[in-house]
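Just so it is clear, none of the values below were taken in a lab; they were calculated from the coordinates. Quantities reported herein were computed from a predicted structural model and do not represent experimental measurements. Virtual Cβ from ideal backbone geometry, glycine too; neighbours counted across all protein chains shown.
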There are 2 protein chains.
Amino acid sequence: MNTGKKILIADDEPDILEILEFNLKAEGYEVATVKNGDQALEKAKTFQPDLIMLDIMMPGKNGIEVCNLLRMQPAFKKTLIIFLTAMSDESTEIKGLESGADDYLTKPVSTKVLSSKVSALFRRLTKESTGVVQVGDLMIDREKYNVSYRGEDIVLARKEFELLSLLASKPGKVFLRNEILNQIWGTEVIVGDRTIDVHIRKIRQKLNLDCITTVKGVGYKFEL
Amino acid sequence: MNTGKKILIADDEPDILEILEFNLKAEGYEVATVKNGDQALEKAKTFQPDLIMLDIMMPGKNGIEVCNLLRMQPAFKKTLIIFLTAMSDESTEIKGLESGADDYLTKPVSTKVLSSKVSALFRRLTKESTGVVQVGDLMIDREKYNVSYRGEDIVLARKEFELLSLLASKPGKVFLRNEILNQIWGTEVIVGDRTIDVHIRKIRQKLNLDCITTVKGVGYKFEL
DNA sequence: ATTCCGCTTAACAATTTGATAATACTATAA
DNA sequence: TTATAGTATTATCAAATTGTTAAGCGGAAT
């Protein structure tokens, strides 16, 4: 599993660095770590991360300063930045967001929160900036409501589109059948289990790609 | 740096208000903030904003209600409205667009997304109001109110013109039926679904081009 | 007053979509 | 191996959606 995303972490506490690095690598991210703000600024230039996690309290330049310096450079205008704060300090949180961070995390960081925030940010980035989900050669445009593979348009019916769109929104993630039902059919409508299968089948047929995997007894996942 | 544009923000969470206000002021906008829907309606009259950002979930009148009330008043027909939603809830998003909003933002709002969306909306506004839209060989002149294909004038009735004009304003984008109704007929008037079809048909007939695609169960899109 | 034109709707046809049942298949555990 | 649970496939029917035509209405122009 490799997401192809690079994350730079700056924190002066070795324990934190280790925990974050371990977990994020396990999620398929490429990770670099540094111990203070100045190193963060340097490393950011060479490493070109997609996401930077900055501890607020660091010796030398603190996280907020680093963030401001980064945001001044055009190369990091679009880079995601998450602050790490020792406690849920509200004023700090606001200062963080004001200085151009995209989110914040409070320490100690639970692995669940960590991975969900990180993946949510990446998802949001691709979704909001373009409205287009792209996985490999497959493009899903929610606004234009079309799907194309290597430039070739593929016509999907509404439910098929929504289903594929959902699965592809988080490649690799296994969507439980219930999750799919709730997302696409809502809680009011009740349809049989076979219905999902049939739609999945139609998508597979139309895409003619081996990209939707069945996880028996669990659900489906999308992966190219 | 001063854009001369006024933005009104309505949200019950002080943190959000503060962050948005700070960032938008930094971008050169004049900002006013209110804490609920009723205040938003009042303030809108005196402040005459160019853009209104409405939280969907607010005590008293919610954002969607406020939007509908605003859109009923001629003074706010052209005002830009953005919804703020707590989560990336797609059904809310669609409801928002259907009720006449121009865009939506999911909270927490990254500063990057915020400024890009806002400036994009203003850009679109000035573009549309001055409007000569050209897509391939097709020209739509909003001021002269005429359409021509390869120099040849095509006479369209008002509704037909507006409909084509709307669809062509964003080629490729699928316009939901409700979106179309809100944009062209407004929220007060209620017309049947067939009405849209008939106008679409007439446009297709008159243009004699295969440029309006039906996306069944979703809406229509324009593409040459 | 009459005619023309644009807008809307009703009515029906045509089409597409979605859901289900019935059946076949497949991996796994007993 | 066989039983079993879960999934795949297929055909079919009902429902949803859209296309088309014609007709009615009302305002503007003649």
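Rounded to 0.05, the FRET efficiency of the residue A:198 and residue A:170 pair, given R0 = 22 Å and the Cβ-Cβ distance, is 0.45.
Its relative contact order, with pairs defined as Cα atoms under 8 Å and 6+ residues apart, puts chain A at 12 percent. Taking Lys and Arg as +1 and Asp and Glu as -1, the other residues whose beta-carbon sits under 13 Å from that of residue A:205 total +1.
If R₀ is 30 angstrom, what is the calculated FRET efficiency for the pair residue B:142 and residue B:190, using the beta carbon separation as r and rounding to 0.05? Given R0 = 30 Å and the Cβ-Cβ separation, E is 0.70. Residues whose amide H comes within less than 5 Å of that of residue A:173, counting only those at least five positions distant or on another chain, are A:222 (H built at 1.01 Å from N in the peptide plane). Could you point to the residue in B:166, B:214, B:181 farthest towards the positive end of segment B:131-222's charge dipole, with +1 and -1 charges on the Cβ of Lys/Arg and Asp/Glu respectively? Farthest along the dipole direction, towards plus: B:214.
Diagonalising the gyration tensor over the Cα atoms of segment B:131-222 and scaling each eigenvalue by 5 before taking the square root yields semi-axes of 21, 14, 12 Å, largest first. The alpha carbon convex hull volume per residue for the protein assembly as shown rounds to 172 Å³. The ranking of A:161, A:122 from fewest to most other beta carbons within 10 Å of each one's beta carbon is A:122, A:161. Taking every C-alpha pair closer than 8 Å and separated by at least 6 residues, the mean separation divided by the residue count of segment A:1-75 gives a relative contact order of 36 percent.
Residue by residue along A:154-167, Cβ atoms of other protein chains within 10 Å of the local Cβ number 1 on average.
Calculated mean residue ellipticity at 222 nm for the protein assembly as shown: -13000 deg cm²/dmol, from DSSP H runs with n ≥ 4 weighted as -39500 (n - 2.57), summed, divided by the residue count and rounded to 500. Peptide A:142-148 has a mean of 5 when you count, residue by residue, the C-beta atoms of other protein chains within 10 Å of its C-beta. A cut-off of 5 Å between modelled amide H atoms, ignoring neighbours fewer than 5 places along the same chain, links residue B:135 with B:140.
With contacts taken as Cα pairs under 8 Å at a separation of at least 6 residues, segment B:131-222 carries a relative contact order of 27 percent.
Applying the Kirkwood pairwise sum to the alpha-carbon positions of chain B produces a hydrodynamic radius of 18.6 angstrom.
For residue A:81, the residues 5 or more places off, or on other chains, whose built amide H falls under 5 Å of its own are A:52, A:102, A:103.
Using the Cβ-Cβ distance between residue A:72 and residue B:208 with R0 set to 45 Å, the FRET efficiency works out to roughly 0.25. Most mobile of A:172, A:151, A:28 per a Gaussian network model of chain A (Cα springs, under 10 Å)? Residue with maximal mean-square fluctuation among A:172, A:151, A:28: A:151. Counting other beta carbons within 10 Å of each residue's own, what order do A:133, A:66 fall into, fewest first? Ascending Cβ contact count within 10 Å gives the list A:133, A:66.
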